[in-house]
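Data first, discussion second: the structure below is written as structure tokens.
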Amino acid sequence: MRYLPHTNEEIRKMLAVIGAKDVGDLFSSIPKDHRCNPELNIPGGISEQELWAQMNSIAMKNRTLSCSASFIGAGAYRHYIPAAVSELASRSEFTTPYTPYQPEISQGTLQAMFEYQSQICRLFDMDVSNASHYSGATALADAALMARRISKGRKAIIVPDSVHPEYRRVLESVLCDGDSIRLIPSSCGRVDRAKFAAALDGDVAAAVVQFPNFFGIVEDFRDIADSLHKAGALLIAATPEPIAFGILTPPGSWGADIAAGEGLSLGLPVSFGGPTLGIFTTRDQFTRQMPGRICGKTIDAEGREGYVLTLSTREQHIRREKATSNICSNQTLCATTAAIYLSMLGKEGIRELANINAAKADYLKKTLSAIKGVSIPFEARTFNEFVFETAKPAAELLAKLDAQGIIGGVDLGRFYPDTDQMILVCVTEMNTREEMDRYAQVLAQVVR
Amino acid sequence: MNAPDDLRYTKEHEWVKVEGNVATIGITDHAQSQLGDIVYVEFPGQGETVTKSDSFGVVESVKAVSDCYAPVSGKVVEVNDSLTDSPETLNEDCYGEGWLLRVEMSDPAEIEDLMDQKQYIAFVAEETA
Amino acid sequence: MERRNSKSLSDTNQRTNEPTYQRTDSSYQRTACGATGLVLEEPTLFEQSVPGRRGISLPAIDVPAFNPCEAFGDLVRDKAPELPELAESDVARHFTRLSTRNFSKDLGFYPLGSCTMKYNPKIANKVAAMPGFADTHPFQPLSSVQGNLRICYELERWLCEITGMNAATLWPAAGSHGELTGMLMIRAYHTARGNPRSKVLIPDSAHGTNPASAVTCHYDVVTVQSGPDGLLDPKAVAEAMDKEVAAIMITNPNTLGVYEENFKAVADIVHAKGGLVYCDGANLNALMGFVKPGEIGADAMHINLHKTFGTPHGGGGPGAGPVAVSRALEPYLPMPRIAKNGDNYTTISDKPESIGRINTFFGNFGVLLRAYVYIRELGAEGLVGVTKMATLNANYVKARLKDAYDLPYSRPSLHECVFSDKRQNAYGVKTLDIAKRLMDYGCHPPTIYFPLIVHGSIMIEPTETECKELLDEFCDAMLTIASECEKTPELVKNAPSRPFRRRLDEAKAARDAVLKE
């Protein structure tokens, strides 16, 4: 076995030093009645070449996004990944260390974390970011738990249904007391202000809003922030698409106390939805309530600048059952990738990229809505995603589009009742005008 | 071990100095040296009440967290805000500049339950043995 | 790190604190050169930013002109985010330089106990980067992602076979996330029987994440003292066990690297009162082909794919922490489940008893894929060989070091061993100092100060991928340090001197809390 370097001669020498006759002796502490059948029912080992061939044939059973014109987002957006990003992030000096517990020999990872935290704070206009979380959904769930801790005793969390349905389900599972979630239905794709006001009382720890929301809509949440703050509750912002902040108002500017997000868009391949990158930011006064790892700047014994994991007394390995979260790791490599991607984009690059996304999505929205039988159910400002409606079942339309090489979006009916004639469409810089025109042309045929 | 003879002590390593009806509370030299470099202190606000034997705050070092327990009950009349910016004072001068709270006692008799210097030194010796 | 023959060792011994090995029978010798080569200080991205530079080229807009202010009005950001502006070459150099400040598995010995830092096969990364996998979307029609679903389905089967469990979920993103998932299922199980129960038993040797996960699920933690031999004591468990105990969380082998020989007895005690047994699978590397926890009473077990199945740790993630469960817990597994009908793979998302979702999409699919590749390449025999060689390596290191370092527990070790700094304390040297000094010898330190039941613990897990020469180098370094502790303790206490940075001021970092630029 190529990953086991031991020769028989070495094994013999090592056993002699240990004072054991054979390797089996080393397992003598395992009682006989605990032993399993040593023959595992798993296929036998194969060579790398055979493995590669086999993996290739499995991969062939997938159809890649590039084989079609793809218009699906719904929380996982396809963006172009510059070659330098993947190449730098896949250096084994970044991929093969553990968590930087020994800072003297981990300055690379630590400085990258510090730079990631700094970039995310600037992008989100928030005071402090942790070194990342597992995913947008788990970050949001931990944000809700943190809001409860801060509000000392308040339990309820207001959640509009325009928050990503999978984020909501993760939130429900993690809070594991379903009745504390106050779900409010949207009105025209936006937070229903009257229902929101009715849900807000003295037991509310926080409300979650998503920007852009699951329907692609961006709305002004300043009024919601105000009423929450007046009621002594917090505003948690969730974002599935941080590229939007290249041109749109970041959560820090509209009153978010905690802003969580999904960083898959920041240089990571969609890869069937993961590995993801959870973004977690908050305001200064809540730093010590924040879950997850944080990197801070300091100096070494010779006075030179350096970085360490800090404020670790919040964490489970010290505080155990009193920790701010049970999580004990993060997605460092994904955060490093995001840091590389964001430094490639820069201040102007991200603005331009966001602009291209919005412009193209706007073009497709206008083009599709001009088709007879297609309407836009939610009249609202949208970023790179929008919903359209027809008189036909979405599933049927999507299948017909698929047959013509177009992955036309997501059937909204799989997430919401009474929306099975609505399709959620996403456009990024990866979609050309030609593709969009073809989409419109095919849709016009099949919608009749 | 440094433990002044004019103070009373708890088993959780807090000290109390009584002046009239007001008790000044801090952590002992033994506590600060066990914790190591103290980096953060969290205590109740002025006007809040503390209850004997209940946790009233937290002292954190780089690698450890310690709850602080109230030696006496009463209303907090003053907190040592300067520790927020320079928690290291707790390491440098725990019986002086590093005090934590001043409490107006609701039941001064509670003092009698606390250890004096000799008892505390013996207690620490036993605990560390 | 550079390779030299032993004759040239003296060339590098110019500094007084230069590590000098006491040679054993290695046929060659590596010498740690630390940061003595061409190592450049590297300012932050922000310090290097020059307005107007950029590292990306974007396609021209091929749609009609678009005015964001018109479209978005007051939702337009008033100032662009102040991201650093650099050319691609600046970015490439910056991150390449940063990478040289890291010690990594590919650079050398990394015996971090309880973390299973084994070599990460390159083929797994190559497969994960294949467009056939990387360029697929979680909401594509299922018919167009049959390959991905097959990976998930088969990986689930294989993990169940290795652990002796009935079914598994692959979606937790890490071990701690898996623990939370497992405990949520246990809570759902009890809730369905009328009472979620209120307590969870956790041995004092457990990882800190065990109590944290239990509390997140609204349970009170009851700590169970280990017996004098470091093992779980059935009597102590029986005393703590009642009908309010939802589960016990057991790490096996435990964090001392010792097999919990009373596991079955303890499981029986817990089951008799209606409780469940959660097994922390952090140490699965010691069990493959020897013990299937599901067969000896475990009801749920998370598996750290980044430990046992060789997926890269990535400096702390992404990992994956699938949870395998017994028949009793299967109905509560998170959604979606993967099913196979004939040759067709599909997903199930509507099981009423399920705890719901615990992550978006299909978890950290890219990590699952790497673990699949690892298991497929090694095969059944390879995995058993992994456990055998991991145990051989740990016992070899233990045998070589036991005369120089205190062994607080003498029970036989499996895949890792735990020493303490008791003997070195006599010279004023602590575990932390020994750990830092190891860096000067080109090794990553072991896990230190864990488990908590050993004062000044030094927890060594070599893993199976390390050859005898490397183990000997590490042991030689440890033995040399032990003698340095006696003769020149100051040298050890001031270590390290070779890495890019000396000891960092953690108190200052926590007090100043400079967390961004």
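Could you list, in sequence order, the residues of the stretch C:137-167 that are within 7 Å of another protein chain (Cβ to nearest Cβ), touching a Gly at 6+ places or on another chain (Cβ under 8 Å) and not in a helix (DSSP H, G or I)? Break it down into steps so the answer makes sense when it comes.
So the first thing to find is which residues in the stretch C:137-167 are within 7 Å of another protein chain (Cβ to nearest Cβ), and the list is C:137-141, C:144-148, C:150-151, C:158, C:161-162, C:164.
Of the ones still in play, those that are also touching a Gly at 6+ places or on another chain (Cβ under 8 Å) are C:137-138, C:147, C:164.
C:His137, C:Pro138, C:Gly164 - these are the residues of the stretch C:137-167 that are within 7 Å of another protein chain (Cβ to nearest Cβ), touching a Gly at 6+ places or on another chain (Cβ under 8 Å) and not in a helix (DSSP H, G or I).
Residues in the stretch C:174-183: is at least one in a helix (DSSP H, G or I), small (Gly, Ala, Ser), within 14 Å of A:Phe272 (Cα to Cα) and out of contact with any Gly (no Cβ under 6 Å at 6 or more places or on another chain)?
Going residue by residue through the stretch C:174-183, those that are in a helix (DSSP H, G or I) are C:175-183.
Still in the list and also small (Gly, Ala, Ser): C:175-176, C:178, C:182.
Cutting the leftovers down to within 14 Å of A:Phe272 (Cα to Cα) gives us none.
No, every residue in the stretch C:174-183 fails to be in a helix (DSSP H, G or I), small (Gly, Ala, Ser), within 14 Å of A:Phe272 (Cα to Cα) and out of contact with any Gly (no Cβ under 6 Å at 6 or more places or on another chain).
Regarding the stretch C:392-399, can at least one residue be identified that is assigned to a loop (DSSP other than H, G, I, E, B), of a type outside the set (Gly, Ala, Ser), facing chain A (nearest Cβ under 7 Å) and more than 21 Å from the chain's Cα centre (by Cα)? No - not one qualifying residue is present in the stretch C:392-399.
Rundown of residues vs (1) facing chain C (nearest Cβ under 7 Å); (2) open to solvent by 10 Å² or more (accessible area, probe 1.4 Å), yes/no style:
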| site | (1), (2) |
| --- | --- |
| A:Phe27 | yes, no |
| A:Pro43 | yes, yes |
| A:Gln49 | no, yes |
| A:Cys67 | no, yes |
| A:Gly75 | yes, no |
| A:His79 | no, yes |
| A:Ala83 | no, yes |
| A:Ser90 | yes, yes |
| A:Pro97 | yes, no |
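Output the residues belonging to the stretch A:269-282 that are within 10 Å of the chain's Cα centre (by Cα), assigned to a loop (DSSP other than H, G, I, E, B) and in contact (Cβ under 8 Å) with a residue 60 or more places away in the chain. Show your work before the answer.
Applying the first criterion (within 10 Å of the chain's Cα centre (by Cα)) to the stretch A:269-282 yields A:273-279.
Among the residues that remain, those that are also assigned to a loop (DSSP other than H, G, I, E, B) are: A:274-277.
Scanning the stretch A:269-282 gives A:Gly274, A:Thr276, A:Leu277.
Looking only at the stretch C:188-211, residues that are farther than 26 Å from C:Pro352 by Cα and among the charged types (D, E, K, R) come to 1 in all.
So, A:Leu235, is that one in contact (Cβ under 8 Å) with a residue 12 or more places away in the chain and either within 25 Å of C:Leu369 (Cβ to Cβ) or open to solvent by 10 Å² or more (accessible area, probe 1.4 Å) (or both) or not? Lay out the reasoning, then the answer.
Details: in contact (Cβ under 8 Å) with a residue 12 or more places away in the chain: yes; either within 25 Å of C:Leu369 (Cβ to Cβ) or open to solvent by 10 Å² or more (accessible area, probe 1.4 Å) (or both): no.
The answer is no for A:Leu235.
In the stretch A:1-21, the residues that are more than 21 Å from C:Tyr374 (Cα to Cα) form Cβ pairs under 8 Å with partners that are surrounded by 11 or more Cβ atoms within 10 Å (Cβ to Cβ) and hydroxyl-bearing (Ser, Thr, Tyr), at six or more places apart or across chains, as follows: A:Met14/C:Tyr396; A:Val17/C:Tyr396; A:Ile18/C:Tyr396. Close contacts from the stretch C:141-163, counting a first residue that is in contact (Cβ under 8 Å) with a residue 40 or more places away in the chain and a second that is open to solvent by 10 Å² or more (accessible area, probe 1.4 Å) and among the charged types (D, E, K, R), with Cβ to Cβ under 7 Å and a gap of 6+ residues or different chains, come to C:Gln146/A:Lys61; C:Arg150/A:Lys61; C:Tyr153/C:Lys340; C:Thr163/C:Lys292.
Just one residue in the set B:Val76, B:Val58 is modelled with pLDDT of 90 or more and under 14 Å from the mean Cα position of the chain (by Cα); that residue is B:Val76.
Residue pairs whose Cβ atoms lie under 6 Å apart, separated by 6 or more positions or on different chains, with the first residue in the stretch C:489-509 and within 14 Å of chain B (Cβ to nearest Cβ) and the second at pLDDT 95 or above and in a helix (DSSP H, G or I), are C:Leu504/A:Pro103. For the stretch C:444-456, the set of residues classified as within 13 Å of chain A (Cβ to nearest Cβ) and open to solvent by less than 10 Å² (accessible area, probe 1.4 Å) consists of C:His444, C:Pro445, C:Pro446, C:Pro451, listed by residue number.
Just one of the listed residues (C:Ala192, C:Ala134) is surrounded by fewer than 24 Cβ atoms within 10 Å (Cβ to Cβ) and at the interface with another protein chain (Cβ under 7 Å from one of its Cβ atoms), and it is C:Ala134.
Residues of the stretch A:289-304 that are more than 9 Å from chain C (Cβ to nearest Cβ) and either within 12 Å of C:Arg502 (Cβ to Cβ) or not in a loop (DSSP other than H, G, I, E, B) (or both): A:Gln289, A:Gly303. Here A:Ala395, A:Ala338 are screened, and the one residue that is of a type outside the set (Asp, Glu), crowded, with 24+ Cβ neighbours inside 10 Å and within 20 Å of A:Gly75 (Cα to Cα) is A:Ala338. Within the stretch A:159-204, the residues that satisfy the criterion of being assigned to a loop (DSSP other than H, G, I, E, B), within 14 Å of chain C (Cβ to nearest Cβ) and buried (at least 19 other Cβ atoms within 10 Å of the Cβ) are A:Val163, A:His164, A:Cys176. Of all residues in the stretch C:322-335, one or more are of a type outside the set (A, V, I, L, M, F, W, C), within 8 Å of chain A (Cβ to nearest Cβ) and buried (at least 22 other Cβ atoms within 10 Å of the Cβ).
Run down A:Gly296, A:Gly274, A:Gly303, A:Gly255 and say which single residue is modelled with pLDDT of 95 or more and within 27 Å of A:Glu87 (Cα to Cα). I'd like the intermediate steps shown before the answer.
Details: A:Gly274 fails: modelled with pLDDT of 95 or more; A:Gly303 fails: within 27 Å of A:Glu87 (Cα to Cα); A:Gly255 fails: within 27 Å of A:Glu87 (Cα to Cα).
The conditions single out A:Gly296.
Could you go through the stretch A:114-125 and let me know if any residue there is more than 7 Å from chain C (Cβ to nearest Cβ), touching a residue at least 60 places away in the same chain (Cβ under 8 Å), assigned to a loop (DSSP other than H, G, I, E, B) and surrounded by fewer than 24 Cβ atoms within 10 Å (Cβ to Cβ). Scanning the stretch A:114-125, I find at least one residue that is more than 7 Å from chain C (Cβ to nearest Cβ), touching a residue at least 60 places away in the same chain (Cβ under 8 Å), assigned to a loop (DSSP other than H, G, I, E, B) and surrounded by fewer than 24 Cβ atoms within 10 Å (Cβ to Cβ), so the answer is yes.
Residue-wise test of (1) in a helix (DSSP H, G or I); (2) in contact with a helix residue (DSSP H, G or I) (Cβ under 7 Å, 6 or more places away or on another chain); (3) modelled with pLDDT of 95 or more.
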position: A:Lys372; (1), (2), (3): no, no, yes
position: A:Glu379; (1), (2), (3): no, no, no
position: A:Val387; (1), (2), (3): no, yes, yes
position: A:Lys400; (1), (2), (3): yes, yes, yes
position: A:Asp420; (1), (2), (3): no, yes, no
position: A:Glu429; (1), (2), (3): no, yes, yes
position: A:Ala440; (1), (2), (3): yes, yes, yes
position: A:Ala444; (1), (2), (3): yes, no, yes
position: A:Arg448; (1), (2), (3): no, no, no
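Residues that are open to solvent by less than 70 Å² (accessible area, probe 1.4 Å) and either part of a loop (DSSP other than H, G, I, E, B) or among the acidic types (Asp, Glu) (or both): does the stretch B:52-61 have at least one? Looking through the stretch B:52-61, at least one residue is open to solvent by less than 70 Å² (accessible area, probe 1.4 Å) and either part of a loop (DSSP other than H, G, I, E, B) or among the acidic types (Asp, Glu) (or both).
Identify the residue in the stretch C:288-308 that is under 11 Å from the mean Cα position of the chain (by Cα) and either in a helix (DSSP H, G or I) or more than 10 Å from chain A (Cβ to nearest Cβ) (or both) and, among all such residues, is surrounded by the fewest Cβ atoms within 10 Å (Cβ to Cβ). Write out each step before concluding.
Here is the first cut: in the stretch C:288-308, the ones under 11 Å from the mean Cα position of the chain (by Cα) are C:303-308.
Add one more test, that the residue is either in a helix (DSSP H, G or I) or more than 10 Å from chain A (Cβ to nearest Cβ) (or both), and what stays is C:303, C:305-308.
Working: C:Ile303: 27, C:Leu305: 30, C:His306: 30, C:Lys307: 24, C:Thr308: 29.
So, considering only residues that are under 11 Å from the mean Cα position of the chain (by Cα) and either in a helix (DSSP H, G or I) or more than 10 Å from chain A (Cβ to nearest Cβ) (or both), the one surrounded by the fewest Cβ atoms within 10 Å (Cβ to Cβ) is C:Lys307.
Does B:Thr84 meet the test of being within 10 Å of the chain's Cα centre (by Cα) and not in a loop (DSSP other than H, G, I, E, B)? Taking the combined requirement at face value, the residue does not satisfy it. Is it the case that the stretch A:254-268 has a residue that's part of a loop (DSSP other than H, G, I, E, B), among the polar types (S, T, N, Q) and either open to solvent by 10 Å² or more (accessible area, probe 1.4 Å) or within 20 Å of A:Gly216 (Cα to Cα) (or both)? Yes, the stretch A:254-268 has at least one match. Among the residues examined, C:Val145 qualifies as of a type outside the set (D, E, K, R) and buried (at least 24 other Cβ atoms within 10 Å of the Cβ).
Scanning the stretch C:224-243 finds no residues that are within 11 Å of chain A (Cβ to nearest Cβ), at pLDDT 95 or above and either open to solvent by less than 10 Å² (accessible area, probe 1.4 Å) or within 24 Å of B:Ala64 (Cα to Cα) (or both).
The values are calculated or read from the model by the stated rules, or taken from the named source; none is laboratory data. Just so it is clear, the model here is predicted, and its values are computed rather than measured. All Cβ positions, glycine included, derive from the backbone under ideal geometry; neighbour counts span all protein chains shown. These area figures cover heavy atoms from the full protein model, side chains too; ligands, DNA and RNA do not enter into them. Shrake-Rupley method; radii C 1.70, N 1.55, O 1.52, S 1.80 Å.
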